[in-house]
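Novice: The structure under discussion is supplied below as structure tokens; questions concerning it will follow.
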């Protein structure tokens, strides 16, 4: 199945997941269909209808149109739906739904729709951005400003193999799947991947390994991946990563294999508990979950500074380098034209106040004149106080007003501390010999280079320090031995007395 999140095509089709853009930061996910599949759509003469605050939109008007099109609201006969509900009031919803599906299969025609006088939405293909603002919240969501920066910092790119510990609501999962996607696996590749093996072309394909401790959330995320066509890119697992690690297997009887990840995102309450499983050399003999041939970048997502402190300490203990903490605070800056003046009176989105003293005085004289004419009974039509410069047609001039900008009053993102670190690849003597053989043809590789005076002084200080520590240890040992002998002699003398 081709995912609409990755390859939506040029036009919308039936059974596609679409996003109805209502306004900024508000969209509605809808599965386009001409067949009634739920009781809420039963009874409409126009077929399946989605109702919003901006009008009613039959799905027949949204199928087969280019993505990004503006869809006008339609006049929907809600009265017929009410009459059918009254007739079938004693029937159960399941019987009504079954009867509606039977009617649609028998080819009963759908009433032609008529455009309403106002109201519209934009039909957009599903993306991780609009899915984030419309998904069902099961946990706190990682919003677009956060996951965009995270994916950039952990070097997620097509072909990367990414570990996500803490699936949650699936917001970061969708974004990570798009970032690492570079092709769909074949049927044989999918089978080998489900068995935990990573061989052949499967290694070159991007993959997201998503772990979730909560069973119900895991089931919902896994179902979403199948519905959205991302199950070939995302491998979801129900796992306690603190105790069971991050290797790939279905149950304890199967062989544990490594995901060979080069990018890691930990959205956990205690990420330091999972760090012992993210080392290159495992003491228990199990394979490492990290890619042995490249550096690994990690990010932890923690709301409290105490969590950050423990995480940084654990990262240092497990040889992670370049540790850095970042806090993302995202605000939009709205740039628009502000129209102020009596010339724009009666228009929407303006400030109908006098722009200066002269305009205010002219308006005051106009009001006084109209009051005198009214009491005298000779109210006549005259030009307005602004000299007849009022803009006609109710349209604001594109080059008028004053250009202003304002920032949002509140931060819309989930504020958390992001901790980044890098674990370099292991470098052995064989790697050094291979590098010398490869690059010695192009550059002069000198292994026994004379040391500088600074290096020699540093080594001499280090040797002197070690010698002092050794001498202090011997002296302390001798002093302790003499003290013990004195105590023993005193004890023996007191016993004889």
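Novice: Among the residues of segment 216-236, write down those that are over 19 Å from the mean Cα position of the chain (by Cα) and surrounded by 20 or more Cβ atoms within 10 Å (Cβ to Cβ).
Specialist: Result: 232, single match.
Residue by residue, here is whether (1) at pLDDT below 70; (2) in a strand (DSSP E or B); (3) farther than 30 Å from residue 289 by Cα holds:
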{"position": "373", "(1), (2), (3)": "no, no, yes"}
{"position": "380", "(1), (2), (3)": "yes, no, yes"}
{"position": "386", "(1), (2), (3)": "yes, no, yes"}
{"position": "400", "(1), (2), (3)": "no, no, yes"}
{"position": "410", "(1), (2), (3)": "yes, no, yes"}
{"position": "415", "(1), (2), (3)": "no, no, no"}
{"position": "427", "(1), (2), (3)": "no, no, no"}
{"position": "438", "(1), (2), (3)": "no, no, no"}
{"position": "444", "(1), (2), (3)": "no, no, yes"}
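Novice: Looking at segment 305-339, which of its residues are within 12 Å of residue 419 (Cβ to Cβ) and not in a helix (DSSP H, G or I)?
Specialist: Within segment 305-339, the first condition is being within 12 Å of residue 419 (Cβ to Cβ), and the residues that meet it are 305, 307-316, 320, 322-327.
Listed by number, the residues that qualify are 320, 322, 323, 324, 325, 326, 327.
Novice: When segment 244-256 is examined, which residues are found to be surrounded by fewer than 18 Cβ atoms within 10 Å (Cβ to Cβ) and either in a loop (DSSP other than H, G, I, E, B) or touching a strand residue (DSSP E or B) at 6+ places or on another chain (Cβ under 8 Å) (or both)?
Specialist: 249, 250, 251, 252, 253, 254, 255, 256
Novice: Now for a different question. Test of understanding: among 354, 343, which residue is crowded, with 16+ Cβ neighbours inside 10 Å and assigned to a loop (DSSP other than H, G, I, E, B)?
Specialist: On inspection, the qualifying residue turns out to be 354.
Novice: For residue 364, only one of the following conditions fails: (1) in a loop (DSSP other than H, G, I, E, B); (2) modelled with pLDDT of 75 or more. What is its number?
Specialist: For residue 364, the failing item is (1).
Novice: Counting just the residues of segment 300-336 that are touching a strand residue (DSSP E or B) at 6+ places or on another chain (Cβ under 6 Å) and closer than 30 Å to residue 350 by Cα, which one comes out surrounded by the most Cβ atoms within 10 Å (Cβ to Cβ)?
Specialist: Going through the qualifying residues, I end up with 331.
Novice: Return the total of residues in segment 1-28 being out of contact with any helix residue (DSSP H, G or I) (no Cβ under 7 Å at 6 or more places or on another chain) and closer than 30 Å to residue 186 by Cβ.
Specialist: Summing the residues that are out of contact with any helix residue (DSSP H, G or I) (no Cβ under 7 Å at 6 or more places or on another chain) and closer than 30 Å to residue 186 by Cβ in segment 1-28 gives 16.
Novice: With crowded, with 18+ Cβ neighbours inside 10 Å and either closer than 18 Å to residue 224 by Cα or in the same structural domain as residue 232 (by TED's automatic domain parsing) (or both) as the only criterion, which of 29, 58, 8 stands out?
Specialist: The match here is 8.
Novice: Restricting attention to segment 167-183, which residues are assigned to a loop (DSSP other than H, G, I, E, B), surrounded by fewer than 23 Cβ atoms within 10 Å (Cβ to Cβ) and under 14 Å from the mean Cα position of the chain (by Cα)?
Specialist: 168, 169, listed by residue number.
Novice: For the subset of segment 261-278 comprising residues that are part of a loop (DSSP other than H, G, I, E, B) and surrounded by 16 or more Cβ atoms within 10 Å (Cβ to Cβ), which member is nearest to the chain's Cα centre (by Cα)?
Specialist: Taking the candidates together, the pick is 267.
The values are calculated or read from the model by the stated rules, or taken from the named source; none is laboratory data. Everything quoted here is computed from the prediction, not taken from an experiment. Cβ sites come from the backbone with ideal geometry, for glycine too, and all protein chains shown count toward neighbours.
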